[in-house]
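Everything on this sheet refers to the single structure shown next.
The values are calculated or read from the model by the stated rules, or taken from the named source; none is laboratory data. Since we're looking at a predicted model, the values are computed, not measured. Ideal geometry is used to build each Cβ from the backbone, glycine not excepted, and the neighbour counts take in all protein chains shown.
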Amino acid sequence: MRKFFEKTLVLIALLVLTSVAAEAKTVKVQMKNTGSDGASQMVFEPDFVEAAVGDTIQFVITDKLHQPKSLSTPAGQKGFGGEVDEPISFKVTKAGIIPFKCETHAILGMAGVIQAGGSKAGLEAAEEAVEEYSEALAMNHDRIKGAMAKIK
C-alpha cells in the first residue's frame, strides 16, 4: 500500500510540474517607429508588460534600427541586450521590475517596463536606473515614468 501512495505522489508531482511549465507563455513586444495611435514616435508596444516567472519576452522587429536593452533587473535575473536589428528573447527567471530601453533611440524616450510575477522586487534599483536614464532624454520625458506608474 505504501508503494502505491509513493507512486501516486510522484505522479501528482509530475502532473503539477507539467501544468506549471505549460502555463508559461511568450509575450511579444513590438519595436516600432510610429505607435498604433499614429502620433507617438519610437515606441515599444506594449510599453508595460505583466509577465509571469517562466514566461519568455520576445522583442519583435516591427521596424528597423531598434536595439532593446535592460536598464536594471531584480537580483538573480539576467539582463538582456543585443545588436541593432537583432531579435531578442529572454526568459523571466525572477519576479520583479525590469525597465528597458532602445539603445539606438534612448535619447528619444523609447523605453518600457516589465513587471514579473506581480512583484516589486528590484523596484528601488529600477527607479534609480530610470531616473538616471531620464536625465539624458531629449524628449518624451514622461514615457518611461508613465510605464513605471503602472506597477501594481
Residue match in the range 98-121 (condition: touching a Lys or Arg at 6+ places or on another chain (Cβ under 8 Å), within 27 Å of Thr34 (Cβ to Cβ) and without any contact (Cβ under 8 Å) to a residue 12 or more places away in the chain): no
Condition met for Lys64 (farther than 24 Å from Asp142 by Cβ, part of a loop (DSSP other than H, G, I, E, B) and touching an Asp or Glu at 6+ places or on another chain (Cβ under 7 Å)): yes
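When you scan the range 24-70, how many residues do you find that are of a type in the set (Asp, Glu), more than 11 Å from the chain's Cα centre (by Cα) and more than 16 Å from Glu103 (Cβ to Cβ)? Don't jump to the end; show me each part of the working.
Of all residues in the range 24-70, those of a type in the set (Asp, Glu) come to 37, 45, 47, 50, 55, 63.
Narrowing further to those that are more than 11 Å from the chain's Cα centre (by Cα): 37, 45, 63.
Restricting the remaining residues to those that are more than 16 Å from Glu103 (Cβ to Cβ) gives 37, 45.
Here the count works out to 2.
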Residue that is farthest from the chain's Cα centre (by Cα) [pool: residues in the range 86-117 that are part of a loop (DSSP other than H, G, I, E, B) and either buried (at least 24 other Cβ atoms within 10 Å of the Cβ) or modelled with pLDDT of 95 or more (or both)]: Gly109
Pair list, Cβ under 7 Å, 6 or more apart: the range 41-52 residue more than 9 Å from Met110 (Cβ to Cβ), other residue modelled with pLDDT under 95 and assigned to a strand (DSSP E or B): none
